[in-house]
1. How many residues, within region 94-131, are within 29 Å of LYS46 (Cβ to Cβ), in a helix (DSSP H, G or I) and without any contact (Cβ under 8 Å) to a residue 24 or more places away in the chain?
2. Run down SER29, SER43, SER102, SER114 and say which single residue is buried (at least 17 other Cβ atoms within 10 Å of the Cβ) and small (Gly, Ala, Ser).
3. Which pairs turn up if I take residues in region 58-85 that are of a type in the set (Phe, Trp, Tyr) and look for partners that are loosely packed, with under 12 Cβ neighbours inside 10 Å with beta carbon separation below 8 Å, at least 6 apart in sequence or on another chain?
4. Can you tell me how many residues within region 26-39 are in contact (Cβ under 8 Å) with a residue 60 or more places away in the chain and part of a helix (DSSP H, G or I)?
5. Restricting region 138-167 to residues that are in contact (Cβ under 8 Å) with a residue 24 or more places away in the chain and within 20 Å of PRO72 (Cα to Cα), which is surrounded by the most Cβ atoms within 10 Å (Cβ to Cβ)?
6. Is one or more of the residues making up region 75-84 surrounded by 12 or more Cβ atoms within 10 Å (Cβ to Cβ), in a loop (DSSP other than H, G, I, E, B) and hydroxyl-bearing (Ser, Thr, Tyr)?
7. Within region 52-70, can you find the residues that are at pLDDT below 90 and either among the β-branched types (Val, Ile, Thr) or assigned to a helix (DSSP H, G or I) (or both)?
8. Filter region 132-155 for residues that are of a type in the set (Val, Ile, Thr) and not in a loop (DSSP other than H, G, I, E, B) and give the result.
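The values are calculated or read from the model by the stated rules, or taken from the named source; none is laboratory data. Quick caveat, the model's predicted, so the values are computed rather than measured. All Cβ positions, glycine included, derive from the backbone under ideal geometry; neighbour counts span all protein chains shown.
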Amino acid sequence: MITSNGLQTMALYNKWQNESLFSLCDELSQEQLLLDKGMFFDSIFKTLNHIIHVDETIHSLIYTKTLPKFDPSFIPYPEYNILKTARFEFDEKLVKESQECSQAWLDEVFEFWSERLNRNRRVPRAFYYMQMFNHQTHHRSQITSELHKMGINYGSTDLPYNPYYKF
């Protein structure tokens, strides 16, 4: 499972990747952001909203141990600038949390019934952080693929090149 040090690594990576992604999206027109490109969530804008919506849902679970009702296509931030601000604030919160949390807190096990799997689940809190970062990476790659098709070079996504992490 993820350690508190590993959580910090991923929180800093996440911050870097979201800043890189939004800096490129800042250069796109409103039409380019909203254009249905045939992505799973249609557009770059909707995909960015989906990512933060899932992040906020998982984050709520991490703290409340209760999964809130969830609609995967909900658009929590209907304007790009509001979405960008919310994204950066959330990323800063994750970095701060990662620097303050203990391993014992990450290792705390949640137990609940999964309707989807039709069985009881026992999962440590750290698992949900891993899921959050994995989910972000999955959907960011969909966006970077679209940017590549538009002739935009996204640059590196490799952990060792993260300017925020001191190797």
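1. Total meeting the criteria: 1.
2. After applying the criteria, what remains is SER43.
3. Listed pairs, sorted by first residue: TYR80/GLN30.
4. 1
5. It comes out as ILE143.
6. To start, the set of residues in region 75-84 that are surrounded by 12 or more Cβ atoms within 10 Å (Cβ to Cβ) comprises 75-77, 80, 83-84.
In the following step, the residues that additionally are in a loop (DSSP other than H, G, I, E, B) were identified as 75-77.
Those still in the list that are hydroxyl-bearing (Ser, Thr, Tyr) too: 77.
The answer is yes, given that some residue of region 75-84 is surrounded by 12 or more Cβ atoms within 10 Å (Cβ to Cβ), in a loop (DSSP other than H, G, I, E, B) and hydroxyl-bearing (Ser, Thr, Tyr).
7. THR66
8. If the condition is that a residue be of a type in the set (Val, Ile, Thr) and not in a loop (DSSP other than H, G, I, E, B), then THR137, ILE143, THR144 are the ones that fit.
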